[in-house]
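Encoded as structure tokens, here's the structure I'll be asking about.
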Amino acid sequence: MQVALLQLSLFLLQLLSCCVNQLSAFVVNSRTFTAGVVTSAKSLVGTTDQTHVGKTNKFALFSQTSTRAEEKVQVANVVLEGLEKRLKKGSLTGAEATAVIEASSFLLDYIDELENVAQDHHDGVVQVQEELIYDEHQLRTAVAEMDVDAVSQMLKAGLTMDAATTNTAFWNVVDAVDHAEAEDRPLPTTVTQMLHHVFEADMQQLLLREKETFNVTCMQPDDTGIEGAARKMNYIFDDGDHKNLPLTEGRRCEDGNCCDKCSRNIFRTFASDAECDLQTFPELSSFTFNNLETVSAGTILQFVRLIERVRRTVAHEYGLPLKTILPLQAYSRKYVAGTTQKGGGGGEGDFVTLHTDEATHSGYHYSCVLYLSTQGKDFEGGDFVFNDPAPKSEDDHNNSNKKGNSNYGGDEEEFNDDEIDEDILELLKRGELPDKIVFNVGVDENDDEESYDSLEDEIRRAGRVLTPFHPSRGSAVIFSSGWENMHEVEKITSGVRYAVPCFFTTCPVPDAAYEQMHVGKPKTDEDIADDWLHLLLAHRKEEPMESVGRVKELLMKWHYMCTPLSEH
């Protein structure tokens with residue numbers, strides 16, 4: 001017991017000296033100090049045998065629940081006096097030892113109390129911070145002032161940005177970009193951080209809008225057997241034979257990480273009229289990432305905003321991690337009545353032949369078409385059409401002219417094939433054109449062209465179910481890119497139709513690709529802002545090869561640029 005008392009004495013002498021000199025400040029600052037002290041002091045007291053230690057009158061002072069600091073100092077002095085006597089004379093009476101031990105115990109309990117008070121104070125501050133009440137007016141004010149820290153705090157507290165506030169945030173970002181460029185200075189990190197809030201708010205608002213989802217069975221080419229190989233070769237050399245490609249169930253998703261769900265998602269209002277306004281964003285009608293020198297910052301940011309909204313929608317609809325989805329291609333497409341497309345995607349034309357996106361590019365795993373104009377107002381014809389095999393249980397002849405039971409854009413008239421000669425249909429099915437005499441059987445010569453168009457349309461419908469979607473500005477179709485979603489665009493009969501096709505991949509980018517870049521993955525907010533400036537907003541003249549390299553880097557870094565560091 002004497003050894004334990006000596007150890008306790010030496011320890012408490014240091015502890016209590018601190019208590020005497022700094023007891024008042026101790027209440028506020030003791031939390032870190034007492035964390036280790038409480039455990040050590042209790043351990044030393046625990047080694048002292050108190051079985052035969054009696055209570056003294058002096059300890060009556062210690063048992064009182066006083067909160068005055070000077071009384072705690074008196075208690076500390078009792079211990080110090082006892083310890084001083086113990087150290088000088090070598091022993092204490094039983095009463096003196098009891099007083100020291102009980103005073104020490106009291107002080108240790110007091111330290112526990114201080115620790116609890118400090119913890120309660122800390123928890124109270126945290127709770128007050130969490131329970132701070134913000135309102136929409138404060139959020140709008142913070143957005144208008146580009147106070148990103150305040151906006152982030154309010155959003156974390158549970159507020160959300162409505163469409164008007166989000167629009168204000170977007171245009172403030174545009175102004176900040178324009179000012180940075182005019183003053184030839186780096187892009188502020190507040191710009192990209194606010195953009196991240198805009199992207200998140202866009203998605204929250206989209207989830208509240210009407211959506212139609214049609215689940216379909218995933219399909220892929222069946223290349224097995226001689227017949228499958230032969231039909232595949234025929235399809236390669238004849239676009240018109242695409243619908244005859246033998247298929248089997250399953251998702252190909254070459255080199256990617258798709259889910260096993262396939263579907264078609266129809267959004268009547270994916271974007272507002274204002275977001276697709278070609279007067280506000282004139283370059284949106286012919287946008288491509290490869291040529292940004294003369295494109296306004298507003299249009300560039302708006303196009304990225306729309307594509308990012310699609311990317312987040314794909315992740316949400318198919319349950320995929322956002323970071324695994326990257327845009328592989330995105331551009332504006334112009335369809336003009338009476339023209340024929342020349343070259344690749346983006347060229348003018350008045351129709352798009354039947355195709356599968358994943359067959360066009362093996363990396364296309366999810367697709368979207370966003371519309372910038374309205375059928376019946378800006379153009380006529382030009383339906384987007386899903387083209388599916390008719391159910392096998394139905395008679396092919398009965399299905400040869402049906403548009404399908406479902407219609408994404410309204411009712412369609414059924415085509416009557418009673419007047420079509422079966423011999424002509426057989427010739428067309430074999431890829432042969434009927435001669436003039438056969439073609440004109442029962443048809444007035446003045447109606448040759450119209451009759452041929454009717455026959456061509458009839459063969460197109462043979463054994464198929466066609467499901468058209470009637471485009472309107474701001475609407476979008478998002479779907480899995482496999483063979484379950486063969487589609488085409490019907491001929492535009494008048495006007496001009498603008499749309500934004502975009503395609504997304506789930507193929508991972510190898511780390512080596514980032515290492516080969518001049519500046520790899522962004523590691524700070526400043527890095528993110530620099531990537532936005534140099535890959536999108538620099539407005540510099542480029543050589544074609546330089547442009548290709550920049551766009552490639554842009555698409556690979558897309559997720560890192562469009563999300564905060566915490567989501568990288």
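By how many nm would the segment from T189 to D525 grow when fully extended, if each residue of separation counts as 0.36 nm and the alpha-carbon distance is taken off?
120.4 nm
While we're looking at this one, here's another question. Using a 1.4 Å probe on the protein heavy atoms, what percent of the accessible area of segment 260-379 belongs to carbon and sulfur?
Exposed carbon and sulfur together represent 48 percent of the surface.
Relative to the present Cα-Cα distance, how much length would full extension add between A150 and S454 at 0.36 nm per residue of separation?
103.1 nm
Let me ask another. Express in nm, to one decimal, how much length is gained between H568 and S272 on full extension, taking 0.36 nm for each residue of separation and deducting their alpha carbon distance.
103.6 nm
Which pairs, out of K261/K521; K323/K491; K334/K377; K323/K552; K491/K552; K156/K323, put more than 27 Å between their alpha-carbon atoms?
With Cα atoms farther than 27 Å apart: K261/K521; K323/K491; K491/K552.
A further question follows. Net charge within 11 Å of P501 by Cβ-Cβ distance, Lys/Arg positive one each and Asp/Glu negative one each, not counting P501 itself?
Taking every Cβ under 11 Å from that of P501, the sum is 0.
Sticking with this structure for a sec: Under 5 Å between amide H atoms, partner at least 5 residues away or on a different chain: which partners does G250 have, H built in plane at 1.01 Å?
C218, M219, Q220
Sequence-distant or interchain residues sharing an amide H contact under 5 Å with R333, placed H: which?
A499, V500
Taking amide H positions as placed in the peptide plane 1.01 Å from N, state which residues far from V465 in sequence (5 or more) or on other chains have amide H under 5 Å from it.
Those lying under 5 Å, H to H, from V465 are D388, A390.
Report in % the part of the accessible area of segment 474-555 that belongs to carbon and sulfur, leaving out ligands and nucleic acids; probe 1.4 Å.
Reported share for carbon and sulfur atoms: 57 percent.
For a label point 7 Å from the Cα of W171 along Cα→C-beta, name the residues of segment 264-280 whose backbone N is under 18 Å from it.
272-280
The values are calculated or read from the model by the stated rules, or taken from the named source; none is laboratory data. Just so it is clear, the model here is predicted, and its values are computed rather than measured. Reconstructed Cβ throughout: ideal geometry from the backbone, glycine too, with neighbour counts over all protein chains shown. Just the protein is used for accessible areas: all its heavy atoms, side chains included, with ligands, DNA and RNA removed. Shrake-Rupley method; radii C 1.70, N 1.55, O 1.52, S 1.80 Å.
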